[in-house]
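Just below is one structure, and these are the notes that go with it.
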Amino acid sequence: MPTIRQLPPSVVNKIAAGEVIERPASVVKELVENSLDAGARRIDVTVEQGGTELIRVVDDGCGVAPEQLELALASHATSKIVDADDLFRVATLGFRGEALASIAAVSRLSFRSRPLEAPIATELEVVGGTAEPLRPVGGPCGTTVEVRNLFFNTPVRQKFLRTTQTEMGHLTEALTRLALAHPQVHFTLQHGGRLIHDLPPGEARQRIAALCGQELADGLIRIESDDDGIQLTGDVANPTHSRPNNRMQYLFLNGRFIRDRSLQHALGEAYRGLLLTGRFPVCFLHLQMPAAAVDVNVHPTKLEVRFQDGGRVYSQLLSTLRTKFLSTDLIARASAPPLGSAIDDEIMASTPAASQGLWDWAKRQLGPATGDGRVPDFVPFVDRDQRDVLRLHRVDLPPLVGRAPAASSRAVNIIPNDAGGEGEAAASDPTADYASAAAHRLDLPHDAAQSHRSPRALQIHNRYLVTETDEGLEVIDQHALHERILYEALRERVLAGAVESQRLLVPEPVDLAASEAAAAVENRETLAQLGMEVEAFGGETVLVSAYPAMLANLPPAEVLRSLVEQLLAGGKAPESRDILDELLHMIACKAAVKYGDRLTPQEIDALLEQRGLAQDHHHCPHGRPTALIFTREQLDRQFKRI
Ligand SMILES: Nc1ncnc2c1ncn2[C@@H]1O[C@H](COP(=O)(O)OP(=O)(O)O)[C@@H](O)[C@H]1O
Ligand SMILES: [Mg+2]
């Protein structure tokens, strides 16, 4: 049992000060943290009226000796640090020595404690800051703190309290954070005589299941990494379990729940392209590092911390998740329906917030010359060894049956940097080129690929491809899958600085609105990265001299208009990295086969072939699933065969 001491003013002045008792939830947080610091194995929390009437926390921790009780409730008295240097090696949740004093000042508080070796417990009651004499009482080992009539003497604060339900929501969330951080401790929560949670000690995942639902827990992906003393462990949720805000991002540092913008950003980056715009990943991640590597004395409630080397933590989080995702099957199960029901294949994901970092990432990928050396360096999305495989993307899908001949005759410059002759050949028999590539990939003789007549999937409603798998049945969204493949291929090429551009023999003038023309010329470099070369031609006219070969079957004017629209949609001065990612999405969406497009058997096979080449072929760039699986077991069950 540690000794409680009054902190000298020199230390007090160095402590991040501020009011920490705002509402019942803050009381619960402070009391439970004290119980955890006391080494409790079981913590029972009982509240009445959302905590405004009563909050009782009972623990089986080390307790406080009777002669130290008054000190425990005094201001700036703590057993957790002694001097200012200790502020840099805080290993406990508390250290400010203020919580009990602050609570006692605004409530009727009773603190009853019995250390292990003591025969009885001792109680100290404080009403609005005034202490009653100590009294011996019966009771088990450990500590019981009761807080009644919170803010009874501070009507202003009482006015700020919300409904019982709202306060209970905050309180439950506070306890959830603590319980998730400490699954080895038994927690219970009772409200109005009703048991809300009974969380026996167990594995982290059991705790997540109990607090956040079994379905979420079942789809968790285990994360683990150790980078020279910084350990990252825990779970992240499958992208199908995203949320409309970041509230389900549970990040813990040395057992303390924290909010950290930079780490939230890293998380968003890791899920880039896996989630719909405006959706946030769910995570339960624990960081462990030496206390000296982080300053927890920056925020009164210690919600924010300062890392000694934030960049390193950022990059560890990002690279660990990315590496994990590359080796994880993120496919959506049919039992977990895809997000929303609206099928809008033209969503352009135009929220800039959802598209950050690609540019940084691109710069990093292109070599140290463009980086400033400080940006964290992490595992690239695409394994460099796979470059050669990805080259096969350079062979486009053949033009679709039913397209206007003029459009299909445009689909010529399929292979970049090639002489026109080869393009001509492709134009005369567009499928030939693909078939030979397919044959090459599949190791088939050329004509075997061409004469292949029964596709590996059945197209239904000109939208979905249905195929048999080892597991059961898979339904693929043809547009979403193709969009994903194109998006990745395109991004890969943008990052490698090698987007195929089709040069026009005669530059094409395109008339735009004044603002559009200005935006096009202003963003020339960004457009050039995408294979679109433009120059001002006077007035509102812009000359297009080259455009992305991927969009070979669309008129250049239309491509330019869409790109400019996208540029303008980004707001006043969108960051170039945002623009680039938006444009990649847009191009992929435009270039992909559409809902309603009838596919030839070769095209179906081609699509399925290329699927294996995409790093994440389970989600379209907007984050919608590209395929659903119906397992045989599910079918058997539906047909009442089991
Ligand atoms: N549940 C508890 N079990 C044992 N000791 C406690 C408990 N709650 C508080 N204490 C003691 O009272 C002291 C003051 O608590 P508090 O005001 O919360 O400050 P801090 O936690 O910052 O030290 C603690 O340092 C600790 O020694
Ligand atoms: Mg405390």
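The values are calculated or read from the model by the stated rules, or taken from the named source; none is laboratory data. Remember, predicted model here, so these are calculated numbers, not experimental data. Neighbour counts are summed over all protein chains in view; Cβ atoms, including those assigned to glycine, are modelled from backbone coordinates with ideal geometry.
Selection within the stretch 240-260: residues that are modelled with pLDDT of 90 or more and surrounded by fewer than 19 Cβ atoms within 10 Å (Cβ to Cβ). The member of this set that is farthest from R205 (Cα to Cα) is R259. Taken over the stretch 10-37, the criterion of being away from ligand 1 (no atom under 15 Å from the Cβ) and either closer than 21 Å to L69 by Cα or crowded, with 18+ Cβ neighbours inside 10 Å (or both) is satisfied by R23, P24, A25. Residues that are in contact (Cβ under 8 Å) with a residue 24 or more places away in the chain and of a type in the set (K, R) within the stretch 188-212 comprise R205, R207, listed in sequence order.
Among the residues of the stretch 173-220, the ones that are charged (D, E, K, R) and farther than 22 Å from G51 by Cα come to 5 in all. Taken over the stretch 153-172, the criterion of being in contact with a helix residue (DSSP H, G or I) (Cβ under 6 Å, 6 or more places away or on another chain) and farther than 16 Å from S26 by Cβ is satisfied by T164 alone. For the stretch 603-613, the candidate set comprises residues that are surrounded by fewer than 21 Cβ atoms within 10 Å (Cβ to Cβ) and farther than 13 Å from Q459 by Cβ; within that set, the residue that is farthest from the chain's Cα centre (by Cα) is E609.
For A40, the conditions (1) within 16 Å of ligand 2 (Cβ to nearest atom); (2) surrounded by 19 or more Cβ atoms within 10 Å (Cβ to Cβ); (3) more than 19 Å from F257 (Cα to Cα) all hold with the exception of (3).
Here no helices (runs of 4 or more DSSP H) wholly within the stretch 87-203 include at least 2 residues being within 16 Å of ligand 2 (Cβ to nearest atom), within 30 Å of V282 (Cα to Cα) and not assigned by TED's automatic domain parsing to the domain that holds A38.
Across the stretch 18-35, what is the number of residues that are within 11 Å of T301 (Cα to Cα) and either in contact with a helix residue (DSSP H, G or I) (Cβ under 7 Å, 6 or more places away or on another chain) or assigned to a helix (DSSP H, G or I) (or both)? Summing the residues that are within 11 Å of T301 (Cα to Cα) and either in contact with a helix residue (DSSP H, G or I) (Cβ under 7 Å, 6 or more places away or on another chain) or assigned to a helix (DSSP H, G or I) (or both) in the stretch 18-35 gives 5.
Residue count for the stretch 213-224, restricted to those that are in a helix (DSSP H, G or I) and either in contact with a strand residue (DSSP E or B) (Cβ under 8 Å, 6 or more places away or on another chain) or without any contact (Cβ under 8 Å) to a residue 40 or more places away in the chain (or both): 4. One residue stands out among those in the stretch 70-103 that are near ligand 1 (Cβ under 6 Å from one of its atoms) and of a type in the set (K, R): the one that is surrounded by the fewest Cβ atoms within 10 Å (Cβ to Cβ), which is K80.
For first residues located in the stretch 512-541 and farther than 14 Å from P556 by Cβ, partners that are part of a helix (DSSP H, G or I) and at pLDDT 85 or above and lie 6+ apart or on another chain with Cβ distances below 7 Å form the pairs A536/V521. Taken over the stretch 67-86, residues that are within 14 Å of ligand 2 (Cβ to nearest atom) and part of a loop (DSSP other than H, G, I, E, B) amount to 7.
Within the bounds of the stretch 523-535, is there any residue that is over 30 Å from T626 (Cα atoms), of a type outside the set (S, T, N, Q), buried (at least 22 other Cβ atoms within 10 Å of the Cβ) and over 32 Å from the mean Cα position of the chain (by Cα)? Looking through the stretch 523-535, at least one residue is over 30 Å from T626 (Cα atoms), of a type outside the set (S, T, N, Q), buried (at least 22 other Cβ atoms within 10 Å of the Cβ) and over 32 Å from the mean Cα position of the chain (by Cα). For L124, the conditions (1) away from ligand 1 (no atom under 16 Å from the Cβ); (2) crowded, with 16+ Cβ neighbours inside 10 Å are fulfilled apart from (1). Among the residues making up the stretch 225-249, a single one is without any contact (Cβ under 8 Å) to a residue 60 or more places away in the chain and among the hydroxyl-bearing types (S, T, Y): T233. Look at (1) modelled with pLDDT of 95 or more; (2) part of a loop (DSSP other than H, G, I, E, B); (3) under 40 Å from the mean Cα position of the chain (by Cα) and you find that V64 fails only one, number (3).
Do we have G50 as at pLDDT 90 or above, touching a Pro at 6+ places or on another chain (Cβ under 8 Å) and either not in a helix (DSSP H, G or I) or not charged (D, E, K, R) (or both) here? Here the answer is yes, as G50 does meet what is asked.
The single condition from (1) surrounded by fewer than 19 Cβ atoms within 10 Å (Cβ to Cβ); (2) over 30 Å from F95 (Cα atoms) that A237 fails is (1). The set of residues in the stretch 232-253 that are part of a helix (DSSP H, G or I) and over 16 Å from L180 (Cβ atoms) comprises P239, T240.
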